[in-house]
Amino acid sequence: QVRLVESGGGLVQAGGSLRLSCAASRRDVSSYGMAWFRQAPGKEREFVSGITRTGITHYTDSVKGRFIISRDNAENAVYLQMNRLKPEDTAVYYCATGPTGWISRMPDDLPYWGQGTQVTVSS
């Protein structure tokens with residue numbers, strides 16, 4: 001079992017920045033891909049960004065050029081730097097991982113999830 005804890009959410013004005021962090025309870029998450037998803041009220045949970053075991057990054061089109069994902073295997077952590085935030089980025093953001101070194105954009109493929117952190121962008 002892997003426990004994930006997100007932090008860094010909050011309220012920010014449009015155009016501002018936030019940095020989300022996700023800390024994992026086990027060292028071997030360094031062998032897993034890690035991803036960020038988000039879910040806005042009344043919408044499906046959607047893939048935002050992911051990073052493979054080897055550091056290859058992926059982004060959904062709506063955040064390309066604004067968000068940057070990174071990982072620190074020594075700290076068992078993954079980060080999401082969110083810049084030029086828009087009101088449509090408002091959602092609960094979740095960290096997810098496992099069970100391979102790659103990532104999936106499908107939520108059902110990832111077995112381990114954090115509890116989520118709220119990001120609210122005001123216009």
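The values are calculated or read from the model by the stated rules, or taken from the named source; none is laboratory data. Here the structure is a predicted model, which means the values were calculated and not measured. Glycine also receives a Cβ, built like all others from the backbone with ideal geometry; neighbour counts cover every protein chain displayed. For the accessible areas, the whole protein counts, side chains as well, though only heavy atoms, and no ligand, DNA or RNA atoms are used. Shrake-Rupley method; radii C 1.70, N 1.55, O 1.52, S 1.80 Å.
Residues in segment 1-32 that are at pLDDT below 95 and acidic (Asp, Glu): Asp28 only.
Contact map, segment 109-122: first residue within 12 Å of Ala35 (Cα to Cα), second residue part of a loop (DSSP other than H, G, I, E, B) and open to solvent by 70 Å² or more (accessible area, probe 1.4 Å), Cβ cut-off under 6 Å, separation 6 or more or different chains; pairs are Pro111/Pro99. Condition check: in contact (Cβ under 8 Å) with a residue 12 or more places away in the chain, farther than 16 Å from Leu4 by Cα and basic (Lys, Arg). Does Arg26 satisfy that? Judged against the criteria, Arg26 is not a match.
From the list Tyr93, Tyr59, exactly one residue is within 17 Å of Arg45 (Cα to Cα), under 14 Å from the mean Cα position of the chain (by Cα) and without any contact (Cβ under 8 Å) to a residue 40 or more places away in the chain. Which is it? That would be Tyr59, the only listed residue that is within 17 Å of Arg45 (Cα to Cα), under 14 Å from the mean Cα position of the chain (by Cα) and without any contact (Cβ under 8 Å) to a residue 40 or more places away in the chain. Scanning segment 87-109 for residues that are of a type in the set (Phe, Trp, Tyr) and open to solvent by 80 Å² or more (accessible area, probe 1.4 Å) yields a single hit, Trp102. Looking at segment 49-70, can you tell me whether even one residue there is closer than 21 Å to Pro111 by Cβ, out of contact with any Ser or Thr (no Cβ under 8 Å at 6 or more places or on another chain), open to solvent by less than 50 Å² (accessible area, probe 1.4 Å) and not in a loop (DSSP other than H, G, I, E, B)? So far as segment 49-70 goes, no, none of its residues is closer than 21 Å to Pro111 by Cβ, out of contact with any Ser or Thr (no Cβ under 8 Å at 6 or more places or on another chain), open to solvent by less than 50 Å² (accessible area, probe 1.4 Å) and not in a loop (DSSP other than H, G, I, E, B).
Would you confirm whether or not segment 87-107 contains a residue that is assigned to a loop (DSSP other than H, G, I, E, B), among the basic types (Lys, Arg) and touching a Gly at 6+ places or on another chain (Cβ under 7 Å)? Checking segment 87-107: not a single residue is assigned to a loop (DSSP other than H, G, I, E, B), among the basic types (Lys, Arg) and touching a Gly at 6+ places or on another chain (Cβ under 7 Å).
Filter segment 6-45 down to residues that are out of contact with any Ser or Thr (no Cβ under 7 Å at 6 or more places or on another chain) and in a helix (DSSP H, G or I) and give me whichever is most open to solvent (accessible area, probe 1.4 Å). Here the residue is Arg27.
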